[in-house]
1. Please list the non-local residues whose amide H lies under 5 Å from the amide H of Trp414, H modeled 1.01 Å from N, same-chain partners needing a gap of 5 or more.
2. Would you mind finding the longest exposed-site-free stretch of the chain, with exposed GluC sites (Glu not before Pro) meaning DSSP loop and at most 16 other Cβ atoms within 10 Å?
3. Which ³J(HN,Hα) values, rounded to whole Hz and listed in residue order, are derived for the stretch 71-88 from phi using the Karplus coefficients 6.51, -1.76 and 1.60 in 6.51 cos²θ - 1.76 cosθ + 1.60 with θ = phi - 60°, glycine and proline given as x?
4. Are there chymotrypsin sites (Phe, Trp or Tyr not before Pro) in the stretch 89-153 that DSSP puts in a loop and that have at most 15 other Cβ atoms within 10 Å, and which ones?
5. Determine, from the Cβ-Cβ distance of Glu451 and Ala104 and an R0 of 60 Å, the FRET efficiency 1/(1 + (r/R0)^6), rounded to the nearest 0.05.
6. With a cap of 13 neighbouring Cβ atoms within 10 Å, and only residues DSSP puts in a loop, list the chymotrypsin sites (Phe, Trp or Tyr not before Pro) found in the stretch 210-317.
7. With a cut-off of 12 Å, note down the residues of the stretch 184-223 whose backbone N falls inside the zone around a label point 7 Å from the Cα of Lys243 toward its beta carbon.
8. Determine the alpha carbon to alpha carbon distance for each of Lys11/Lys135; Lys21/Lys113; Lys42/Lys301; Lys50/Lys295 and list only those over 30 Å.
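Computed from the coordinates by the stated procedures, all read-outs in this text should not be read as laboratory data. Since we're looking at a predicted model, the values are computed, not measured. Neighbour counts are summed over all protein chains in view; Cβ atoms, including those assigned to glycine, are modelled from backbone coordinates with ideal geometry.
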Amino acid sequence: MLKAGQALKGKISRDKIEVLKELGSGGQGTVYLVKCTDMGNKALKWYNSKSGTADQKLAIDRLISGGPPDKGEKSSFVWPLDLVEEGPEFGYIMDVIDFNRYIAIGKMLGGRKENIPSLEAKCRISLKLVSSFAKLHNRGYCYRDINDNNFMFNPLTGDIVICDNDNVGFDGASKSNVIGMIDYMAPEIIAENSNVRPSKYTDYHSLAVLLFKFWVWGHPFEGLKEYNTRCWDRAAKVQVFGKNPVFIFHPTDRSNEVPHDPEYNYIRLMWEACPRELRELFGHAFVEGVRDVDKRVIEQKWIKTFRLLQDAITSCPHDGAENFWYDNGNGGENTIRCWNCGKTYNTPVRLRIRNRNNNILISAIIARPGARLLGRHLSISPDPAEGVMAVGEIVRHPTDPNMCGLKNLSGGTWNFINSKGVSKTVPPMATVPAFNNNSIDFGGNVTGVFEA
């Protein structure tokens, strides 16, 4: 235990550190608010005697020297910054999480409106989450303990933080006292006498469970088997999550379906509101991928899906609820049935972008105010940095709220052709109307056509 006012020193930075107060404690130790002479206020995780092993200290040293997976960017990882030692005890310095800005999934599940992100924010949160883990895995790491306690998000901005990164290790190789929470563990790790070590493949399973909980507000294996269990202890959990995991929305096996109890109706509603592309990925993750690790959903598949969904959000004109438009490749659905009120409405104008040489569809975007045209929308294989840069934005007409246009945010000039064949140039910051059959030549053999 450390005391308020106690003086410490960073092993690597040699920064002087003063303990201010205790922030909280857990199974591995205690977290303190500290003041560093050079780095300012930070958090210090101090290990207890059981968790503060030589292997753990070595792992922290390696993580500090390697830096976060998204080094050079605004990191989503609350990564170890410096090691601190006091006799045989030790801990590490990290950034302080602003709990006024970020919430955990549990708060969202509480149902308070201000804690529930919009569909746009949910897509953005999901994209950042899976992209962060993709970078971690690309560096040869595995997280080992993905769960809803280690992930927080801002429901308004879509920013995320990933905590407890001291448990990160090398893929399938390094030892750890932590292998995850049982309801997030891959079945092969839960099995008795298992010698399977955490790896990127076990992370894929845990990530899918986390995404399912985020989108469906339930657990993929907590159905009738959990509902009918009188004692929900570890032995029961080993059966449900490890030995015989059956997806609650399995297409043929109904043995673990969602209970027919009014308290479970919200899970069915959330599942039905999920876009079909996402339901299909969950099916792959929890049917084929539950036993065959090679069939688990990798990050790039999640990224592709969430990008498509981000471009396909519409608002119901009857009740304002957000819905997803489904692009079937042949122009897409002409009408949308609102998941909330059940009424149908016509699909809004969308911008479909193709390669002019081979007519391959690159992307399709609902022309709703605030939707951004990114570099990735104009290329099948965009540069990673340029792919996320905004080159255009759908804006509302200044006097007619029922009309929208596309504003040129790029540094180049576009060529616009209206439905009557009349063309004009579109310099940066100029806007063109998003009317049916109006088209834009973006250059580089890429054209876009507005369709209603």
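1. Excluding prolines and chain starts, which carry no amide H, the hits are Val426.
2. Of all site-free stretches, the longest is 193-332.
3. My calculation for the stretch 71-88 gives 4, x, 10, 6, 5, 8, 8, 7, 8, x, 9, 7, 9, 10, 10, 8, x, x Hz in order.
4. Numbers: sites: Phe90, Tyr92, Phe99, Tyr102, Phe133, Tyr141, Tyr143, Phe151, Phe153; in loops: Phe99, Tyr102, Tyr143.
When the chymotrypsin sites (Phe, Trp or Tyr not before Pro) of the stretch 89-153 are filtered for loop state and at most 15 Cβ neighbours within 10 Å, Phe99 remain.
5. Details: r = 41 Å, r/R0 = 0.68.
Taking R0 as 60 Å, the efficiency between Glu451 and Ala104 is 0.90.
6. Values: sites: Phe212, Phe214, Trp215, Trp217, Phe221, Tyr227, Trp232, Phe241, Phe247, Phe249, Tyr264, Tyr266, Trp271, Phe282, Phe286, Trp302, Phe306; in loops: Trp217, Phe221, Trp232, Phe247, Phe249.
When the chymotrypsin sites (Phe, Trp or Tyr not before Pro) of the stretch 210-317 are filtered for loop state and at most 13 Cβ neighbours within 10 Å, Trp232 remain.
7. 191-193
8. Values: Lys11/Lys135 27 Å; Lys21/Lys113 33 Å; Lys42/Lys301 36 Å; Lys50/Lys295 37 Å.
Too far apart for the 30 Å limit: Lys21/Lys113; Lys42/Lys301; Lys50/Lys295.
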